[in-house]
Amino acid sequence: MKIGRRALALALSLALLCSCAPMEPGTQESEPMRVVRVLTLLVPNTLDQVVLEQADAFAADAARLSGGQLVIDVRTGRAPANALTGGEADLAFLRNAQMAQLDERFSTFALPFLYDDHQHLSLALNSEELLGRLNTGLQPRGIRLLNAFYSGSAFLVSTKGELRTPSDYKGIAAALRTDNADKLAVFSSLGARVLPYSASAIPNMLGAQAELLPEGADGPAEEVTVDTIEVDTEQALALEADPNTLFFIKSYHAAAPLWLGANEQSLASLTDYERAVLSEACAGLLAGLERVYTDREAAAFDELRARGVEVVEIERQQVSAVLYDSSRNLPLDPGRYLPPAYFDRRLYEIIQSYSPLS
């Protein structure tokens, strides 16, 4: 585990102690020494390097804003779901899947086609109503969520067309990552022929022949040509296919949030001033991470367009409504998608209310 800011905390504490010279007899007692508050922030070493970089900037902001009174000790290492309740850290970045281990409602946030883009995710998941609902449920566990962050998404590249509306997905042969069973079910319900592969294997599948197993594995496999693949922007830029035949779909269909949580007792031990500093530093962290991902993706989209790839904005709300809106998802619809038992309709409605197109 890497120690990030502890040396700074100790140095500040020592400097404060050394600044208090011994009092001469009869002199007036000096002002009380300020207490340096140290909070440990755990950053999983499996996260994007940019998260650690922004965590260091967050620590620097907290120290600057507080005049050295609030120090964030940034550490990297293994971050289990119980890191905040087990006393390993005061603050921690946790993946959405880890939060779902504590509260199954969090699995809702990883369902496909919930968000228009990174800004929609950030606005919705950091809203007062949504965070309030989540923190009410987490209170018995002694955890409070401070912020949700966009941390990237997979997109689609297709030779089949724009894939803008729900009907466009019918009949495509899509190589998808196996990281989310509900994602595979969603694409199947839209009429796609789903081919599960590892993330590293998928970029080589575009245009390849693949065997599609029948449902229930009964009967012979069907040989299909893969016309759609799920990739991140880096993989999309590395594709060797003729760019003039490609459609890059800005689907944001696999955007699962990253959360910053805090131990409730650690927060309660802070003064009002320290909590205000922490809140302002969190706002800077949110802006910093969003700026990095925004710039990174915008540059990739521009590069794809420059190469001749058509970059497509989808009708995301139409797709989402077909999947999750009960008024359109009628019981007699053949092949309709049934949201899983953990699906929280109120959380879904709050997210949709923050869509710029709503």
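Mind checking the dipole of the chain: about its Cα centre, +1 per Lys or Arg Cβ, -1 per Asp or Glu Cβ, Debye to the nearest 20?
Dipole about the Cα centre, nearest 20: 620 debye.
Give the residue from V231, A281, T245 lying farthest towards the positive end of the charge dipole for segment 219-324; charges sit on Cβ (+1 for Lys and Arg, -1 for Asp and Glu) and the dipole is referred to the Cα centre.
Looking along the dipole axis, the top candidate is A281.
Sorted from largest down, give the three principal axis spans of the alpha carbons of the chain, whole angstrom values.
Sorted from largest, the Cα extents of the chain read 95, 44, 37 Å.
Taking the solvent-accessible surface of protein heavy atoms with a 1.4 Å probe, what is the per residue accessible area of the chain in Å²?
Working: 17100 Å² over 358 residues.
Normalised by residue count, the accessible surface of the chain is 48 Å².
For the charge dipole of the chain, defined by +1 on Lys and Arg C-beta atoms and -1 on Asp and Glu C-beta atoms about the Cα centroid, which residue among Y169, Q317, T136 has the Cα displaced farthest towards the positive pole?
T136
Just the accessible area for T40, please: 1.4 Å probe, Å², rounded to the nearest 10?
The accessible area comes out at roughly 20 Å².
Can you show me the helix-derived [θ] at 222 nm for the chain, built from DSSP H runs with n ≥ 4 at -39,500 (n - 2.57) apiece and divided by the number of residues, rounded to the nearest 500.
-11000 deg cm²/dmol
Let me see the pair-distance distribution of segment 71-196: every alpha carbon pair, 10 Å bin width, integer percents in order.
10, 35, 30, 17, 8, 0
Under 5 Å between amide hydrogens, which residues at least 5 positions from I143 or on another chain qualify, with H placed 1.01 Å from N in the peptide plane?
E264
How much length is gained on full extension from N45 to E129, taking 0.36 nm per residue of separation minus their Cα-Cα distance?
So the chain would gain 27.1 nm between N45 and E129.
Lys and Arg at +1, Asp and Glu at -1: add these up for the other residues within a Cβ distance under 12 Å of R95 and post the number.
Its environment carries a net charge of -2.
Please list, by residue number, every one of the GluC sites (Glu not before Pro) in segment 177-229 that is coil in DSSP and has at most 14 other beta-carbon atoms within 10 Å.
Hits after loop and neighbour filter: nothing returned.
What full-extension length gain, to one decimal in nm, is calculated for F343 and D103 as 0.36 nm per residue of separation minus the Cα-Cα distance? Numbers along the way, then the final one.
Details: separation 240, 0.36 × 240 = 86.40 nm, distance 1.17 nm.
Answer, rounded to one decimal: 85.2 nm.
Mind listing the phi-derived Karplus ³J(HN,Hα) values for segment 89-103, rounded to whole Hz, using 6.51, -1.76 and 1.60 with θ = phi - 60°, and x for any glycine or proline?
Calculated HN-Hα couplings, in order: 7, 8, 10, 7, 7, 10, 5, 4, 4, 5, 5, 5, 5, 8, 8 Hz.
Tally up the carbon and sulfur contribution to the accessible surface of the chain as a whole percent, 1.4 Å probe, everything protein left in place.
Accessible surface attributable to carbon and sulfur in the chain totals 51 percent.
Taking θ = phi - 60°, what integer Hz values does the Karplus form 6.51 cos²θ - 1.76 cosθ + 1.60 yield along segment 153-164, in sequence order, with x for Gly and Pro?
8, 8, 10, 10, 10, 9, 9, 8, x, 6, 6, 7
Is there a quick way to get the dipole size of segment 190-323? I mean about its Cα centre, with the Cβ of Lys and Arg at +1 and of Asp and Glu at -1; what is the value in debye to the nearest 20? Kindly include the intermediate steps, with their values, before the conclusion.
Details: 8 positive and 23 negative charges, 61 e Å.
Taking the Cα centre of segment 190-323 as origin, the dipole is about 300 debye.
The values are calculated or read from the model by the stated rules, or taken from the named source; none is laboratory data. Predicted model, so just to flag it, every value in this text is computed and none were measured. Glycine gets a Cβ as well: all are built from the backbone with ideal geometry, and neighbour counts include every protein chain shown. Side chains included, ligands, DNA and RNA excluded: accessible areas come from the protein's heavy atoms. Shrake-Rupley method; radii C 1.70, N 1.55, O 1.52, S 1.80 Å.
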